[in-house]
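Below you'll find the structure, written out as structure tokens, and then a few comments.
Every number in this text was worked out from the coordinates using simple rules, so none of it is lab data. None of the values given here were measured: they were computed from a predicted structure. Methodologically, a virtual Cβ is constructed for each residue, glycine included, from the backbone with ideal geometry; neighbour enumeration extends over all protein chains shown.
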Amino acid sequence: MIPWPPVEPPASQVVFPDPSQLGDEWVVGVTRTLTPGMVLQAYRMGIFPWPTRPGIIPWASPEPRMNFPLEQAGRWPRTVRRDLKAAQTRWLITFDEAFADVMRACAKRPGEGTWIIDDLFAVYLQLHEMGWGHSIEVWEQPEAGARRLIGGLYGLAVGGLFAGESMFHRETGASKVAFARMAEHLRARGFTLFDVQAHSDHLESLGCVEVPRALYLERLRAALEVNPRFGP
């Protein structure tokens, strides 16, 4: 059972610089380790870990920042609507049933490399067990046999912020369905900020938009004033 309210980890002794003073730079600093307390402190300041290899943990605050506008319950792009319609009869959507499996799947990017190193995996799994980390899973349900995990997304819920970390698919459209259902879930639960960190063409195709860092930090401060519950 995921605890509610989330369990606060021991506070970090690391002092991060104020990201509003970065200018066009993205990286606020580098550490050799990370802890649950360090990660939460960073997210509350608009910073997140972006590891490159074991023992080197850059901490970033992009300029501009990529967000999905939860305040706009608009129409999904045509390809997303098509996949959502198909998923109604073929796929099962769950939340927080397979957080670790979703993280492992997101880390498997043959030929691309990954920032989900072992240390980061271990810390985010701890955060999930403390009630901060959450996932959505997309399952294929064959008529006979066990269901198969074919898509998903994971991230952290801190106050009214949900920070989407990564998503994956093993069947065409499964990651789009995971993203859309997560956005709808967050909106229904009362979250106010869905952060997806940095620009990609795929995120833009889903309706995500870039905002200046200063505006993101302003929205983050407001989001941390509320405390919606992610789960039931």
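Structure notes:
- Scanning region 39-59 for residues that are of a type outside the set (Gly, Ala, Ser) and closer than 16 Å to TRP26 by Cβ turns up TYR43, MET45, ILE47, PHE48, PRO49, TRP50, PRO51, THR52, ILE56, ILE57, PRO58, TRP59.
- Residue in region 161-176 that is part of a helix (DSSP H, G or I), buried (at least 21 other Cβ atoms within 10 Å of the Cβ), without any contact (Cβ under 8 Å) to a residue 40 or more places away in the chain and within 17 Å of the chain's Cα centre (by Cα) present: yes
Residue-by-condition table, conditions (1) touching a helix residue (DSSP H, G or I) at 6+ places or on another chain (Cβ under 6 Å); (2) within 25 Å of GLU204 (Cα to Cα); (3) surrounded by fewer than 15 Cβ atoms within 10 Å (Cβ to Cβ):
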position	(1), (2), (3)
ALA98	no, no, no
VAL102	no, yes, no
ALA107	no, yes, no
THR114	yes, yes, yes
ASP118	no, no, yes
MET130	no, no, no
ARG148	no, no, yes
LEU153	yes, yes, no
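- When ARG187 is tested against (1) in contact (Cβ under 8 Å) with a residue 24 or more places away in the chain; (2) exposed (fewer than 15 other Cβ atoms within 10 Å of the Cβ); (3) closer than 20 Å to PRO77 by Cβ, exactly one condition is not met: (2).
- For region 39-56, the set of residues classified as more than 15 Å from the chain's Cα centre (by Cα) and either buried (at least 22 other Cβ atoms within 10 Å of the Cβ) or more than 15 Å from ASP118 (Cα to Cα) (or both) consists of GLN41, MET45, listed by residue number.
- Taking the conditions (1) in contact with an Asp or Glu (Cβ under 6 Å, 6 or more places away or on another chain); (2) surrounded by fewer than 17 Cβ atoms within 10 Å (Cβ to Cβ); (3) assigned to a strand (DSSP E or B) in turn, HIS134 satisfies each one other than (2).
- Which numbered condition THR33 misses (of (1) more than 17 Å from TRP115 (Cβ to Cβ); (2) part of a loop (DSSP other than H, G, I, E, B)): (1)
- Close pairs (7 angstrom Cβ cut-off, 6 or more residues apart or separate chains): within 25 Å of ARG53 (Cα to Cα) in region 4-31, of a type in the set (Lys, Arg) anywhere: PRO19/ARG213
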